[in-house]
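K.L.:
Sharing a structure here in structure tokens format.
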Amino acid sequence: MGQFVYKNFRMLDGRKFAIRTATSDDAEKVLLYTKDITEDSPFLLKGELNLTIDQNKIRLEDFFHNENKLAILAEVDDEVIGFLDFSNGNRERLKHQGSFGMSVAKTYRSKSVGKALLSSLIYWCKQNQMIEKINLEVMSQNLSALRLYESAGFEREGIKRREVKYKDGNYEDLILMAYFLQ
């Protein structure tokens, strides 16, 4: 869908940051960000993402040129501080909806970066005539994320019980949520 740029966002402490479309040129720094975020976020499901820089370039290029996909990043001084990717359903009867994943670097959490990424996604989806519903899965113990999504208008649709299993043998539920654009 091409470039998507929003600037002039402000964190709660007043610092400025930008949100823009991730491009293939960002492949390496997005991978480095993903590696860093995986180490300090207990709530990520995609922690096992093991792409090469070239594979990530192809992936980001696909997002950039597909009108029903979006990959955006939040950045301060060319440093990635947040990332969100959205893809719609790939079957005819599921194209009207899609799912996303989002993360924010530890030192930037609870400073409105996630809220800005989420509002940018909702705005983008409202401009896309295909998308009618935004889905997500969030771990039941991620209370700050649940509050963020509910404050943005997401509704709880269900629970996947014991969906996540940790190395220590404990489980966690996933909460299914949705935002209806129409």
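The values are calculated or read from the model by the stated rules, or taken from the named source; none is laboratory data. Since we're looking at a predicted model, the values are computed, not measured. Neighbour counts run over all protein chains shown; Cβ positions are idealised from the backbone, glycine included. Areas reflect the complete protein model, heavy atoms only, side chains present, ligands, DNA and RNA absent. Shrake-Rupley method; radii C 1.70, N 1.55, O 1.52, S 1.80 Å.
K.L.:
Hey, how many Å between the Cα centroid of the stretch 140-171 and the Cα centroid of the stretch 29-44?
P.N.:
Centre-to-centre (Cα) distance: 19 Å.
K.L.:
Moving to a separate point now. From the C-alpha coordinates alone, can you work out the Kirkwood hydrodynamic radius of the stretch 94-182, in Å?
P.N.:
Mean inverse Cα-Cα distance, inverted, gives 14.0 Å.
K.L.:
Can you send over the carbon and sulfur percentage of the accessible area for the chain, probe radius 1.4 Å, protein chains only?
P.N.:
47
K.L.:
Quick one: the Cα spread of the stretch 55-117 along its three principal axes, in angstroms, biggest first?
P.N.:
Projected onto the principal axes, the Cα atoms of the stretch 55-117 cover 40, 24, 15 Å.
K.L.:
Along the stretch 128-144, what does the Karplus equation 6.51 cos²θ - 1.76 cosθ + 1.60 (θ = phi - 60°) give for ³J(HN,Hα), rounded to whole Hz, x for Gly and Pro?
P.N.:
So the Karplus estimates, Gly and Pro as x, are 9, 5, 7, 7, 10, 8, 10, 10, 7, 10, 9, 5, 4, 8, 8, 5, 5 Hz.
K.L.:
Next question, about the same structure. Give, rounded to the nearest 20 debye, the magnitude of the charge dipole that the stretch 89-182 has about its Cα centre when Lys and Arg contribute +1 at Cβ and Asp and Glu contribute -1 at Cβ.
P.N.:
That gives a dipole near 200 debye.
K.L.:
For the chain, report the accessible area per residue in Å² (1.4 Å probe, heavy atoms, rounded to an integer).
P.N.:
Heavy-atom SASA per residue in the chain reads 58 Å².
K.L.:
Per residue of the stretch 159-173, what does 6.51 cos²θ - 1.76 cosθ + 1.60 with θ = phi - 60° give for ³J(HN,Hα)? Whole Hz please, x for Gly and Pro, Karplus curve as stated.
P.N.:
My calculation for the stretch 159-173 gives 9, 9, 6, 6, 6, 9, 10, 8, 4, 7, x, 7, 10, 9, 7 Hz in order.
K.L.:
Pick the calculated Cα extents along the principal axes in Å for this structure from (i) 44, 33, 26; (ii) 38, 37, 36; (iii) 55, 39, 32?
P.N.:
Looking at Cα extents along the principal axes in Å for this model, the match is (ii).
K.L.:
Related question: Can you give me the relative contact order of the stretch 14-129 as a percent, contacts being Cα pairs under 8 Å and 6 or more apart?
P.N.:
Across the stretch 14-129, relative contact order equals 25 percent.
K.L.:
Now a separate question. Full extension from residue 25 to residue 38: what is 0.36 nm times the residue separation minus their Cα-Cα distance, to one decimal in nm?
P.N.:
Between residue 25 and residue 38, full extension yields 2.5 nm more.
K.L.:
Taking 0.36 nm per intervening residue step and subtracting the Cα-Cα distance, what contour gain separates residue 87 from residue 152 on full extension?
P.N.:
Roughly 21.5 nm would be gained on extension.
K.L.:
Still on this model: Under a 1.4 angstrom probe, counting protein chains only, how are 108, 166 ranked by accessible area, largest first?
P.N.:
Accessible-area ranking of 108, 166, largest first: 166, 108.
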